[in-house]
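The values are calculated or read from the model by the stated rules, or taken from the named source; none is laboratory data. All values derive from a computational prediction rather than experimental measurement. Glycine also receives a Cβ, built like all others from the backbone with ideal geometry; neighbour counts cover every protein chain displayed.
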Amino acid sequence: MKRIVLWLLLLVSLHTMAEPLRDLRISNPKRSVGYVVGEVFKRTLELEVTKPYTLSRASLPAEGVTHAGIELRKVEVDEKRLSETTHYRITLTYQVFAHSREASKIRLPAQSLQVTANGKSQRVPIPAWSFRISPLAALGEADIEKDMSPYRAPLQVQTGSLKPVVGFFLVLVLIAVLGLIYINADKAWFPGMGGPFSMSYRRISSLENSPDALNKAITSIQNAFYATFGENLFAYDIDRFLQKHPEFTKLRDEIDDFFNLTSLMLFGIKEAASLSSPIEFRNQYANTEDRSDDATQTLSRLMQFCRACRDCERGVA
């Protein structure tokens with residue numbers, strides 16, 4: 001029985017000495033195409049060996065060695081001792097110096113590491129790794145549709161630098177649209193769009209061509225002046241109105257014309273001097289065909305005048 005136990009222990013010992021490698025993981029770069037001159041990439045080896053085996057540092061590849069235009073720039077070893085094993089993390093940093101006029105394939109050669117214990121050693125093979133390099137520029141004219149080499153990395157459109165510019169112009173477009181809405185819209189969507197002249201312009205725009213339309217338009221504009229001025233406004237009050245509301249100064253002549261038209265409509269013209277009532281005058285004014293055409297033109301001018309007052313009211317005149 002003792003001999004059997006001894007033989008079993010010897011076999012276990014021999015098996016342990018023969019299989020020192022517990023785990024080996026190799027992490028290659030995620031990208032295997034599109035490398036160009038000067039580019040740096042890393043390859044990581046995770047090696048775990050059973051004790052008493054240790055990694056032979058002499059078996060590590062030497063820094064500065066170049067193969068097919070690929071230089072091994074740096075070798076880093078991180079060792080971590082555990083209860084039964086030793087874990088090694090080996091980072092190999094390469095830099096590309098190879099160049100070609102067209103996409104080509106390069107192969108890092110296979111190599112091996114050595115683990116040793118009690119004068120014995122064992123080889124740990126590291127497989128080769130292939131990748132592709134690309135030229136910095138195409139030779140001559142390149143037709144992308146005909147240049148579909150599997151060794152060429154997919155072309156990517158770099159839009160990072162354009163995003164701030166696009167965002168800036170989108171903001172300008174938004175401001176311009178809001179400005180156009182603010183200037184031209186009839187609805188009171190935004191603050192400042194529901195002023196007296198804005199409401200008057202909406203009323204006049206909705207008037208149908210009728211005998212009483214001209215009177216309604218004049219009354220609506222008069223009410224807008226009253227709401228803006230805060231009291232009744234007559235021709236002799238125009239200067240005071242402009243002092244209080246200088247934004248209307250550009251329309252000084254048009255305001256004078258409006259109050260002259262108001263006096264004309266209220267107090268009559270030569271043909272209507274004998275009429276005792278403005279109502280009678282307005283009815284007679286609308287019953288004549290030629291005067292009906294004049295009234296239509298006057299209504300259109302009143303609408304334009306009210307729109308100009310609305311622009312002054314909004315500060316966009």
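For the stretch 161-202, the candidate set comprises residues that are surrounded by 11 or more Cβ atoms within 10 Å (Cβ to Cβ) and modelled with pLDDT of 75 or more; within that set, the residue that is farthest from residue 225 (Cα to Cα) is 202.
Any chance the stretch 94-104 includes a residue that's at pLDDT below 90 and assigned to a strand (DSSP E or B)? Looking for residues that are at pLDDT below 90 and assigned to a strand (DSSP E or B), one finds at least one in the stretch 94-104, hence yes. Here residue 58 passes the criteria (1) over 48 Å from the mean Cα position of the chain (by Cα); (2) in a loop (DSSP other than H, G, I, E, B) except the one numbered (2).
Any residue that is in contact with a Leu (Cβ under 8 Å, 6 or more places away or on another chain) and of a type in the set (Val, Ile, Thr) - is there at least one of those in the stretch 97-107?
So far as the stretch 97-107 goes, no, none of its residues is in contact with a Leu (Cβ under 8 Å, 6 or more places away or on another chain) and of a type in the set (Val, Ile, Thr).
Cβ contacts < 9 Å: first residue under 30 Å from residue 199 (Cβ atoms), restricted to the stretch 156-184; second residue modelled with pLDDT of 70 or more and surrounded by 10 or more Cβ atoms within 10 Å (Cβ to Cβ), any location; separation 6+ or different chain. Result? Listed pairs, sorted by first residue: 179/316; 182/314; 182/316; 183/311; 183/314; 183/316.
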